[in-house]
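The next block holds one structure in the form of structure tokens; read it before the comments.
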Amino acid sequence: MARRPSFILVAASLVLITVVAISFVGNIFTDYQMTDQNLMARLKPPGLFGGPAEYPLGTDRIGRDMVARLVAGVQMSLSVALAGTLIGAVFGTFVGFVAAHFRGAVEETLMMIVDFQLSLPFILIALTLLAFFGNSLTLFIILMGLFGWETYARLARGVVLSASAQPYAKAVIALGAGPWRLYLRHILPNVASALIVQITLTFPQIILLETSLSFLGLGIQPPMTSLGQILGDGRDYLSTAWWISVWPGSLIFIITLSMSALGDALRDRLDPMLKTRTT
């Protein structure tokens, strides 16, 4: 199997760096805040399509500047996705290490919980928890963290069991190292590449999950905003004000595609099995 060219990795990285940079400095392109309203300028088209120059990407249904809204939306969507990804990665990896260490009944119980979550569509779990507990930013981020942890648990358990059987691990144990020193100082660095690849593959999935829930009105709540919420606000204006939905939808597409391409490129470069097949 031919190896992917490295330009995919470079291009995806540049796109993501550009998006992140714009999310931090994008406000220099507008004089408005995301909550500023001007009903006299509602549903104005982008400046390039005949609208006023002061609104380069147009305005929404209550006259809010789309540039300011998109900058705030990217910041929120990326922050929630990053926090959720890290929570799921840390929790799932810890569960996998515990299962691999204790084995027996502990391992069977933890893996049964993993199989139970895998058997249920996560969107149903999310809708149930949000309907029962209500919505807040903290709860929403924790909910995003629950997505995909079982994948990290399975991955961590498998690589720890494999690494523990290697000669270097047995040598470290023979020298008197405790189990957690073995795991944190010796095994974890050796399996970090697999976990990093999984993080890059889970990140776009969490963005899409956040987008879906916010689109339905169950995610980020006003006065905060996210790309999914902006996309949902524009669904009733697709025929008259297409830009309200097209801009956030395009950003979601670009971010998820770039992150997925980055994950695939990293997997091709870091996975030793793929390296063996291509050499």
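Within the group Val197, Val191, Val160, which residue is of a type in the set (A, V, I, L, M, F, W, C), touching a Lys or Arg at 6+ places or on another chain (Cβ under 6 Å) and open to solvent by less than 40 Å² (accessible area, probe 1.4 Å)? Even if it seems obvious, please write down each step before you answer.
Numbers: Val191 fails: touching a Lys or Arg at 6+ places or on another chain (Cβ under 6 Å); Val160 fails: touching a Lys or Arg at 6+ places or on another chain (Cβ under 6 Å).
Matching residue, one of Val197, Val191, Val160: Val197.
Would it be correct to say that Phe94 is hydrophobic (A, V, I, L, M, F, W, C), modelled with pLDDT of 90 or more and open to solvent by 90 Å² or more (accessible area, probe 1.4 Å)?
yes
Count, please, the residues in region 223-233 that happen to be surrounded by 22 or more Cβ atoms within 10 Å (Cβ to Cβ) and not in a helix (DSSP H, G or I).
2
Do we find a residue being assigned to a helix (DSSP H, G or I), without any contact (Cβ under 8 Å) to a residue 24 or more places away in the chain and open to solvent by less than 60 Å² (accessible area, probe 1.4 Å) anywhere in region 174-185? Step through it out loud before you land on a result.
First pass over region 174-185, keeping only residues assigned to a helix (DSSP H, G or I): 174, 179-185.
Subsequent filtering for residues that are without any contact (Cβ under 8 Å) to a residue 24 or more places away in the chain retains 174, 180-182, 184-185.
Add one more test, that the residue is open to solvent by less than 60 Å² (accessible area, probe 1.4 Å), and what stays is 182.
There is at least one residue in region 174-185 that is assigned to a helix (DSSP H, G or I), without any contact (Cβ under 8 Å) to a residue 24 or more places away in the chain and open to solvent by less than 60 Å² (accessible area, probe 1.4 Å).
What's the total number of residues in region 40-66 that are surrounded by 18 or more Cβ atoms within 10 Å (Cβ to Cβ) and touching a residue at least 60 places away in the same chain (Cβ under 8 Å)?
Total satisfying the criteria: 5.
Tell me, please, whether a residue that is within 22 Å of Phe102 (Cβ to Cβ), modelled with pLDDT under 90 and polar (S, T, N, Q) can be found in region 191-214. Walk me through how you get there before you give the answer.
Going through region 191-214, the residues within 22 Å of Phe102 (Cβ to Cβ) turn out to be 191, 194-195.
Imposing the further condition that a residue be modelled with pLDDT under 90 reduces the set to 191, 194-195.
Remaining after also requiring polar (S, T, N, Q): none.
For region 191-214, residues within 22 Å of Phe102 (Cβ to Cβ), modelled with pLDDT under 90 and polar (S, T, N, Q): absent.
May I ask you to list the residues in region 107-145 that are in contact (Cβ under 8 Å) with a residue 40 or more places away in the chain and part of a loop (DSSP other than H, G, I, E, B)?
Within region 107-145, just Asn135 meets the criteria.
Does Val106 meet the test of being open to solvent by 80 Å² or more (accessible area, probe 1.4 Å) and of a type in the set (Val, Ile, Thr)? Reasoning before the result, please.
On the way: open to solvent by 80 Å² or more (accessible area, probe 1.4 Å): no; of a type in the set (Val, Ile, Thr): yes.
In short, no.
The values are calculated or read from the model by the stated rules, or taken from the named source; none is laboratory data. Quick caveat, the model's predicted, so the values are computed rather than measured. Methodologically, a virtual Cβ is constructed for each residue, glycine included, from the backbone with ideal geometry; neighbour enumeration extends over all protein chains shown. Side chains included, ligands, DNA and RNA excluded: accessible areas come from the protein's heavy atoms. Shrake-Rupley method; radii C 1.70, N 1.55, O 1.52, S 1.80 Å.
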